[in-house]
Amino acid sequence: MGQQNVNESGHFLFGGWDVTELAERFGTPLYVLSEEAVRARCRAVRESFMDRWENSLAVYAGKAFLPMAMCRIIASEGLGLDVVSGGELHTAKSAGFPMEKVFFHGNSKTAEELRFALDAGVGRIVVDGTSELDALEEIARNGGKRADILFRVTPGVDAHTHKYILTGHTGSKFGFPLLGNSLRTAVRRAMNSDCLSLRGFHFHIGSQIFENTSHVMAVGIGVKTIAEFSRDLGFTTMELNMGGGYGVEFDPEGETPPISSFTDAMMEALAAGCAAEGIPVPRVIIEPGRWVVSEAGVTLYTVQTVKTIDGMVTYAGVDGGMTDNPRPALYGAKYWAVAAGKMDREPTETVTLAGKCCESGDVLIEGLKVPPLERGDLLAVLNTGAYTFSMASNYNRIPRPAAVLVSPGRADVIAERQTYDDVLRWDRIPEHLR
Ligand code: LLP
């Protein structure tokens, strides 16, 4: 945490703002997203990937964070968008995102979602299995539509990450397995379909991955598969979507690897593999989510209680928790925070940052070093741009926080804070209970 992030009052600066001013103006808990930081990451993705390989495309994985304002930023940066549900697709469409740059994913798409994607004219539907292929073909034919599709394959690669966010291993619920004949049969079927146009394949091996070895291995397996279909079926793969998963560093002492540390190695493996197999290099696509947005966000909380259990632990309880960030409880994810109004004081205390939900597991951070805290102090949890807002819940009937987009001189609400009435909005009391 460099001095450049602290102003003369000893307050934490983020996205060109003294965050204590944001807390005063918008209240806490508050998600704060730096527009400059998101745009810088998009630019890095463009410069280190899209500008270097002809016709390549990076699509932002919307599941990480997708209010409509985010769709606008991503569109203006020239990236595509990965959506994974009718709700995400509706968000993108409502925000005016160019539909031809949308990739529609999901391992359990409903007929309604498939129809929606076809009607909206998404660029690609990523088909996850044989029953989806059956359904899509029927829906497309009945609706007089054509669909450009990719098949998601499970490369059978074990990446080193939490098992809940591992997706490319043999036995995964995602994609066509490479074992058995289902993929080959599906390729043959798609080649003969009058309403589906198979452009190629997709894989995604998991999330929050730091080393490129598993990605490179998956590329190798992808090349072998492509070569086999070329040889045996005469099928030419036009596109290879290599997924996302590029990790970010949550330890303030560490550093997030550049995305090129993955993409360069993958592209090298792809070029070498295709040359060795004598097949053309397909158009490539990547799908970074966390890498684009995680570090562009912080969450502000106000301390409500400080409780020391002598000789054991000091808890600082805040006004949010697993409802606005379930990642520590769900994955054991590690975060770091700063006492945003006391940046000029020495961090002499070690505290456990506790959320307000009625669960002992609702702990945001353990072993956090901070100056002595008291009720009313402001804390900024860092690196919360990805998979927090998008995974928030109303557990304990806690309204969801607002999200603001900041840049020097501007701060705009991009998602309103829920009210207690918003929480009641879907409740109905049946006649006999009134
Ligand atoms: N493409 C596909 C097909 C995916 O399933 C995912 C993430 C991504 C791209 C983007 O992965 P990223 O670049 O963000 O790692 N909720 C979990 C993460 C789940 C990721 C699911 N799929 C978490 O909070 O860690």
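The values are calculated or read from the model by the stated rules, or taken from the named source; none is laboratory data. This is a predicted model, so every value here is computed, not measured. A quick note on method: Cβ atoms are made from the backbone with ideal geometry, for glycine too, and the neighbour counts reach across all protein chains shown.
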(message) Just to confirm my filter: which strands (runs of 3 or more DSSP E) fall fully inside region 321-434 and include at least 3 residues that are within 21 Å of PHE26 (Cβ to Cβ)?
(response) 337-339, 378-382, 402-407, 410-415
(message) Every residue in region 190-228 that is touching a Ser or Thr at 6+ places or on another chain (Cβ under 7 Å) and not small (Gly, Ala, Ser), please.
(response) PHE201, HIS204, ILE205, GLN208, ILE209, ASN212, ILE226
(message) For region 280-316, give me the residue count where each residue is under 16 Å from the mean Cα position of the chain (by Cα), outside any loop (DSSP other than H, G, I, E, B) and over 19 Å from VAL219 (Cα atoms).
(response) 9
(message) I'd like the full set of residues that are of a type in the set (A, V, I, L, M, F, W, C) and under 16 Å from GLY156 (Cα atoms), limited to region 180-195.
(response) LEU183
(request) Residue by residue through region 8-55, note down the ones that are among the polar types (S, T, N, Q) and either surrounded by 16 or more Cβ atoms within 10 Å (Cβ to Cβ) or under 26 Å from LYS356 (Cβ atoms) (or both). (result) THR20, THR28, SER34, SER48
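Take the residues in region 43-58 that are in a helix (DSSP H, G or I) and of a type in the set (D, E, K, R); name whichever of them is farthest from LEU240 (Cα to Cα).
Pass one, region 43-58, residues in a helix (DSSP H, G or I): 43-50.
After this cut, where a residue has to be of a type in the set (D, E, K, R) as well, the list is 43, 46-47.
On the way: ARG43: 22, ARG46: 18, GLU47: 20 Å.
Out of the qualifying residues, it is ARG43.
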(message) Would you confirm whether or not region 318-326 contains a residue that is among the hydrophobic types (A, V, I, L, M, F, W, C), in the same structural domain as SER9 (by TED's automatic domain parsing), under 27 Å from the mean Cα position of the chain (by Cα) and within 16 Å of the ligand (Cβ to nearest atom)?
(response) yes
(message) Looking only at region 60-76, count every residue that is more than 12 Å from PRO98 (Cα to Cα) and within 16 Å of the ligand (Cβ to nearest atom) and tell me the total.
(response) 8
(request) Tell me the helices (runs of 4 or more DSSP H) entirely within region 124-243 that contain at least 3 residues that are without any contact (Cβ under 8 Å) to a residue 24 or more places away in the chain and surrounded by fewer than 22 Cβ atoms within 10 Å (Cβ to Cβ). (result) 130-143, 213-233
(request) Test ALA415 against the stated conditions and say whether it is away from the ligand (no atom under 16 Å from the Cβ), under 12 Å from LEU22 (Cβ atoms) and not basic (Lys, Arg). (result) no
(request) Consider only pairs whose beta carbons are under 8 Å apart and that are at least six residues apart or on different chains; among these, list those whose first residue lies in region 265-279 and is within 14 Å of MET242 (Cα to Cα) and whose second residue is of a type in the set (Lys, Arg). (result) MET267/ARG52
